[in-house]
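Note sheet for the following structure.
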Amino acid sequence: MLDAIYDFDRVAPDWNDTLRPSQIPVNCPGDAGCGSDGETIFSVRQTRFGMRAGIPTDIGEIKTQLEFELYGVGPDAGKVTPRLRHAWAELNQFGAGQTNSVFMNPDVFPNSIDYWGPPGMIFFRNVQLRWTPLNTDDQRFAIALESPSAGVDSGKVPDIAPGLNVRGKDELPDLTAQWRLQKDWGHFQAAGILRQVGYEALDDETEENFSGDELGYGLNLSGAVNTVGRDQVLWQIVYGRGIANYFNDGGVDLAPDAQLQATAVPIVGWLLFYNRWWSERWSSSIGWSSADLDNADGQRPEAFDKSNYGLVNLLHYPTERVMVGAEFLHGKLELNDGSDGTDTRVQFSFKFSF
């Protein structure tokens with residue numbers, strides 16, 4: 001897959017081949033991506049390779065999936081490097097490995113060509129142990145223990161204790177559950193999460209250390225409604241506390257309150273998109289998404305507060321294994337002090353499947 005992008009503004013260099021609102025510069029000079037407007041980007045980082053296999057055994061079929069892409073994140077941000085998407089196996093009701101979180105509904109991702117996608121969507125591929133006791137043509141129920149992780153913002157704490165190093169602490173796994181109803185009109189999915197959002201701190205000056213935790217929880221309602229032909233309305237609304245790291249682009253899980261005590265940060269996200277099929281070979285998608293963090297009183301003015309994201313596109317499928325398309329995107333980042341930044345771009349993509 002090749003993406004050819006013209007950005008009318010700028011984003012952080014390591015993220016310039018996708019529109020991720022949290023990477024839009026606001027405070028210039030200083031933020032990554034500050035500079036004169038206008039940039040052309042060519043990227044092959046969406047290129048993907050995967051394998052699926054089914055292996056019959058005496059107690060059932062083992063279903064496996066192994067998949068990589070070339071989009072580096074974290075310490076590999078900005079690099080064209082293999083990144084694991086799925087390393088998953090299922091046997092009857094049980095599954096283990098890395099795949100989409102049970103708290104997530106991948107089927108509400110719009111038919112778009114931008115890599116990162118809606119910021120208000122729950123989108124997290126996680127390592128997990130899963131049990132699916134109900135899985136029929138029209139219903140599914142699953143429950144999982146998932147790998148814990150937490151985004152911690154120390155906020156204004158260093159102003160009071162400059163030598164204090166605060167980081168997340170992962171003591172207990174996240175508990176997730178999902179119920180899905182599939183009908184001719186589309187589908188509805190309700191998912192929930194309970195988690196311990198922990199932290200630990202070490203004071204370099206006094207060598208004292210301490211830790212604590214808060215309760216994190218969330219409810220994710222989502223679905224698709226079939227309209228005309230293959231057309232669909234995609235929707236999702238999610239609310240919770242201490243669950244931002246499950247969002248596609250949603251801030252932090254834990255932050256200090258007015259007394260500089262740790263608190264799980266509330267967050268709400270939503271998306272609404274319409275996938276339109278003009279014919280067998282032409283389609284479009286249009287919609288909007290937002291993730292809104294209710295900042296804690298102890299966070300700094302430059303902390304993430306809200307992200308917005310919208311797109312409209314036209315995609316063409318000249319043959320079974322080829323897609324070409326154009327997409328117009330707009331994003332906005334708002335910070336805790338009310339300052340904001342925007343980014344607008346057009347993207348052309350060419351995809352060949354083999």
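The values are calculated or read from the model by the stated rules, or taken from the named source; none is laboratory data. In this text the structure is predicted, and so the values were computed from the model without any measurement. Here the Cβ is made from the backbone with ideal geometry for all residues, glycine too, and neighbour counts use every protein chain on show. Note: areas computed on protein heavy atoms with side chains; ligands, DNA, RNA excluded. Shrake-Rupley method; radii C 1.70, N 1.55, O 1.52, S 1.80 Å.
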Checklist line | the stretch 136-210, relative contact order in percent, only Cα pairs under 8 angstrom and at least six apart counted | finding: 35
Item checked: Where GluC sites (Glu not before Pro) fall in DSSP loop in the stretch 136-238, at most 14 other Cβ within 10 Å -> Glu171, Glu205, Glu207, Glu208
Check: Among (1) 93, 55, 44; (2) 65, 57, 35; (3) 59, 55, 44, which is the computed Cα extents along the principal axes in Å?
Finding: (2)
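Grab the eigenvalues of the alpha-carbon gyration tensor for the stretch 246-354, scale each by 5, take roots, and send me the semi-axes largest first in whole angstrom.
Sorted largest first and rounded, they come to 38, 13, 11 Å.
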Checklist line | Residue-by-residue Karplus 3J(HN,Hα) for the stretch 137-142, coefficients 6.51, -1.76, 1.60, Hz, glycine and proline x | finding: 5, 10, 9, 8, 10, 9
Checklist line | Residue-averaged 222 nm ellipticity for the chain, from DSSP H runs of 4+ at -39500 (n - 2.57), nearest 500 | finding: 0 deg cm²/dmol
Item checked: Alpha-carbon centroid distance for the pair the stretch 29-81 / the stretch 317-354, whole angstrom -> 16
Note to self: Can you pull out the trypsin sites (Lys or Arg not before Pro) in the stretch 68-119 whose DSSP state is coil and whose Cβ has at most 16 other Cβ atoms within 10 Å?
What the structure shows: Lys79
Next item on the list: Could you rank the peptides 104-116, 31-43, 325-337 by their average count of other C-beta atoms within 10 Å per residue, with the highest value first?
Entry: 104-116, 325-337, 31-43
Next item on the list: Could you provide, to the nearest whole Å², the per residue accessible area of the stretch 211-315 with probe 1.4 Å?
Entry: 41
Next item on the list: Using a Förster distance of 35 angstrom, determine the FRET efficiency expected from the C-beta separation of Thr319 and Ser147, and round it to 0.05.
Entry: 0.30
Next item on the list: Normalise the Cα radius of gyration of the stretch 163-303 by 2.2 N^0.38 Å (N = residues in it) and let me know the number.
Entry: 1.38
Item checked: the stretch 1-127 - convex hull of alpha carbons, volume per residue in Å³ -> 125
Notebook entry, point to check: Which cross-chain or sequence-distant (5 or more) residues have an amide H under 5 Å from the amide H of Lys169, H modelled 1.01 Å from N in plane?
Noted result: Gly198, Tyr199, Glu200
Checklist line | Accessible surface ranking that places the most exposed of Lys351, Lys306 first, with a 1.4 angstrom probe | finding: Lys351, Lys306
Item checked: the stretch 154-166 - phi-based ³J(HN,Hα) in whole Hz, Karplus 6.51/-1.76/1.60, Gly and Pro as x -> 6, x, 8, 4, x, 5, 8, 10, x, x, 8, 9, 10
Note to self: Using a 1.4 angstrom probe on the protein heavy atoms only, could you order Tyr199, Tyr6 from most to least accessible area?
What the structure shows: Tyr6, Tyr199
Check: What is the distance in Å between the Cα centres of the stretch 131-147 and the stretch 230-259?
Finding: 22
Item checked: Rounded to the nearest 10 Å², the accessible area of Thr136 at probe 1.4 Å -> 70
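Express the accessible area of the stretch 113-168 per residue in Å², computed with a 1.4 Å probe while the remaining protein chains stay in the model. Kindly include the intermediate steps, with their values, before the conclusion.
Working: 2600 Å² over 56 residues.
Ligands and nucleic acids excluded, the figure is 46 Å² per residue.
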Notebook entry, point to check: Expressed as a whole percentage, what fraction of the accessible surface of the chain belongs to carbon and sulfur atoms when a 1.4 Å probe is rolled over the protein heavy atoms?
Noted result: 56
Item checked: Spin-label model distance (nm) - Asp170 vs Phe210, 7 Å beyond Cα toward Cβ -> 2.6
Next item on the list: Find the centroid of the Cα atoms in the stretch 88-129 and in the stretch 178-226, then give the distance between the two in whole Å.
Entry: 14
Notebook entry, point to check: Residue by residue, what Karplus-based ³J(HN,Hα) values in Hz, rounded to whole numbers, does the stretch 250-265 have, using 6.51, -1.76 and 1.60 with θ = phi - 60° and x for Gly and Pro?
Noted result: x, x, 10, 8, 10, 8, x, 8, 4, 8, 6, 9, 5, 9, 6, 8
